[in-house]
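The values are calculated or read from the model by the stated rules, or taken from the named source; none is laboratory data. Owing to the predicted nature of the structure, the values given are computational and were not obtained by experimental measurement. Neighbour counts are summed over all protein chains in view; Cβ atoms, including those assigned to glycine, are modelled from backbone coordinates with ideal geometry. In case anyone asks, the SASA skips ligands and DNA or RNA and just uses the protein heavy atoms, side chains included. Shrake-Rupley method; radii C 1.70, N 1.55, O 1.52, S 1.80 Å.
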There are 4 protein chains.
Amino acid sequence: MVTDAQQACFEAGIKFGSLYHQFAGTPVSPDSTRSLEAAMAEAIENQPFCESVDVAIDDELVRAAIDHENGYTELTGSLMTVEMRIAYEGVTARTRMDMEDGYPLMKLVSVDE
Amino acid sequence: MVTDAQQACFEAGIKFGSLYHQFAGTPVSPDSTRSLEAAMAEAIENQPFCESVDVAIDDELVRAAIDHENGYTELTGSLMTVEMRIAYEGVTARTRMDMEDGYPLMKLVSVDE
Amino acid sequence: MVTDAQQACFEAGIKFGSLYHQFAGTPVSPDSTRSLEAAMAEAIENQPFCESVDVAIDDELVRAAIDHENGYTELTGSLMTVEMRIAYEGVTARTRMDMEDGYPLMKLVSVDE
Amino acid sequence: MVTDAQQACFEAGIKFGSLYHQFAGTPVSPDSTRSLEAAMAEAIENQPFCESVDVAIDDELVRAAIDHENGYTELTGSLMTVEMRIAYEGVTARTRMDMEDGYPLMKLVSVDE
């Protein structure tokens, strides 16, 4: 019914949706980007079949998004790039989120059986 | 590199991770289960390639989970079943979350090309 | 140490922070605003001392925020107004969130003992 | 209408509700508690009038909450204690969350004008 490669892709998607909707909206400033990146990566790496997660929040974009006197903004997809590697029964799925046409797009980069 | 079926499975996973981590932790009681089910389904149906989402929160399980005087609990996977249908370039992926061995498991039920 | 009025204000703040950070980031379109408003209000009304919550998501602002081909955006404070009434030991606290200088501000409107 | 002390308490409540509902549901294991504590504290310290946040996630409780083969659980109030200090116009509000009668309770500990 479902192949190992398809299952690997499903698992990869779960991790991406989880990461995004768990952490979107988090108050963030250039002072707190490093700790948030680390927590996001380590939290999602707990999930099954998740081999590695790299989160890079762009300090300059965060700074530019702070448009009020309070000195912080809320995390959204447009402020970060994310890369993940999922391994399921010998299949490796690589995924990446970055901006495309002004919209943060979650992409399935490759599936290697 | 990536087949339409694999992409459909990736999209299906994104929806499941999104739904779970957006709404887990929401205060819920038997008085608010219907509105939460509706909002969860309609929110995720906004996402691309998502044809249908059905969320059923179990009132009896919610009642049983209320173990303090405040009369509510927080939404977790053990209180609901979810079914989704994702369509991507002619491929239909069906997914389901329910309890297995005491743990809410997100499952890829079928992939039809 | 802590007066009933102060406790009422603390409780009022908890509800506002809860509502905002539980639901910010939810996918929303003009087709799903009503169900999301209802779920947000009913969820937070479950919390102790919370007498009423009114959430109004602005369909026109949601439409204007949809800047990509997918037809939805993510809920943020700039798309809604929220009013709450908290009652604690005879004290009523009224709160409101709306836009001020381009930033969604949570305000303590009145405290009546 | 509203005193500085009441406003300080309202601000204190916002921070607590924000912290809880932003991070509840995050996948956590004994390997990721330290990074999550740091991210939670630094994220909420970005918010206005928030002088300090201390989050302590209990590794033993996390270990005990892992009841399935995947090796992680989801963050809830029962796994952590949180202390915050809010300062507003010369008023300092101290808050604390810990377990009381099996339920994580957010408490306003003191208000000093």
**Prompt:** How many percent of the alpha carbon pairs in chain A exceed a separation of 20 Å?
**Reply:** 42 percent
**Charge dipole (debye, nearest 20) of the protein assembly as shown; +1 at Cβ of Lys and Arg, -1 at Cβ of Asp and Glu** = 0 debye
**Charge dipole magnitude, Cβ of K and R +1, D and E -1 - region D:4-112, Cα centre, debye nearest 20** = 180 debye
**Message:** With a 1.4 Å probe, what is the total accessible area buried between chains D and C, in Å² rounded to the nearest 100?
**Reply:** 1900 Å²
**Request:** Enter the angle in degrees (range 0 to 90, nearest 10) between the Cα long axis of helix B:4-23 and the first principal axis of the Cα atoms of chain B, meaning the one along which they spread out most.
**Result:** 20 degrees
**Request:** Sort shortest first the distances from C:V109 to its counterpart in every other copy, using label points 7 Å along the Cα-to-beta-carbon line, and give them in nm.
**Result:** 3.3, 4.5, 5.0
**Asked** Using the C-alpha gyration tensor of region C:33-77, what are the square roots of 5 times its eigenvalues, in whole angstrom, with the largest one first?
**Response** 27, 9, 8
**Fill in**
Copies of A:D58 compared via label points 7 Å along Cα→Cβ give distances in nm, shortest first, of 2.8, 4.3, 4.6
**Item:** Any cysteine of the protein assembly as shown lacking a neighbouring Cys Cβ under 4.7 Å - listed by number
**Value:** A:C50, B:C50, C:C50, D:C50
**Request:** May I ask you to rank B:V111, D:V2 by accessible area, largest first, using a 1.4 Å probe over the protein chains only?
**Result:** D:V2, B:V111
**Prompt:** Which value, in Å² rounded to 10, gives the accessible area of A:L105 with a 1.4 Å probe and all protein chains present?
**Reply:** 60 Å²
**Request:** Point me to the residue of chain C whose C-beta lies closest to the C-onto-A rotation axis, rounding the distance to whole angstrom.
**Result:** C:G25, 2
**Fill in**
The relative contact order of chain B, taking Cα pairs under 8 Å that sit 6 or more residues apart, comes to a percentage of 28 percent
